[in-house]
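Each reported figure results from applying straightforward, stated rules to the coordinates on display, with no laboratory input. No experiment lies behind these values; they were computed from the predicted model shown. Here the Cβ positions follow ideal geometry from the backbone for every residue, glycine too, while neighbour counts run over all protein chains shown.
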Amino acid sequence: MHSSDTDAEALAAVIARTQQGETDAYALLIERFQRKIYLYCYYLLGSQEEAEDAAQEIFIKGFRSIGQYRPTAPFSSWLYKIAHHHCIDALKKRKRSLIAFLHIKNEPPPAAETVGRYADYIHELLEKLTPSERKVLLLRALEEYSFDEIGSVMGLTPAAVRKKYERLRKKLLGQKGGDPIGTIYGHAYKPRA
């Protein structure tokens with residue numbers, strides 16, 4: 001038996017225990033997926049505090065609806081789908097709040113503080129992407145999801161996801177231009193042949 005088979009069986013057992021009401025079992029699921037969900041939220045929302053709050057709320061939503069999970073898709077895809085919808089709602093709420101604030105204050109939003117050159121560059125690129133593009137990039141590049149899995153999370157066909165990803169790659173390569181990441185950390189993004 002392969003390690004991934006054993007891992008999948010262990011995960012299925014923990015999910016089954018959680019569905020039977022064992023809260024301690026859900027703690028194991030949180031432990032396993034917490035960092036990935038946090039990073040997903042962080043890169044979509046752009047704020048550590050918002051990402052922490054979002055991850056906590058996503059796991060609460062997941063616990064409340066775990067009885068609805070069916071193993072027709074990977075558990076991580078199901079959890080990312082919850083995260084996807086939660087972050088979309090948070091971004092919509094933020095946009096409404098910002099518009100209301102700007103109407104009241106009649107001032108542009110303040111510039112965010114920067115942590116480092118590399119982080120600035122990554123955030124600058126991510127800022128230029130739509131929420132949908134960010135989700136595709138994060139799931140594909142960070143989580144190494146297949147186009148089928150991304151489609152399941154986002155409610156798109158694998159072909160639509162592949163097309164979005166290819167457009168996204170071209171867009172990023174076109175924007176990369178001046179201060180490439182490679183000069184900062186000695187590596188550069190190279191498109192596949």
Sort 137-150, 11-24 by the packing proxy (mean of other Cβ within 10 Å over each peptide's residues), most packed first. 137-150, 11-24
Computed from the beta carbon distance with a Förster radius of 35 Å, FRET efficiency for Ser132 and Gln20 to the nearest 0.05 stands at 0.45
For the stretch 7-66, calculate the relative contact order in percent as a whole number, restricting contacts to Cα pairs under 8 Å that are 6 or more residues apart. 25 percent
From the phi angles alone, apply the Karplus equation (6.51, -1.76, 1.60; θ = phi - 60°) to the stretch 138-155 and give each ³J(HN,Hα) in whole Hz, x where the residue is Gly or Pro. 5, 5, 7, 7, 7, 8, 6, 6, 6, 5, 4, 5, 5, x, 4, 5, 8, x
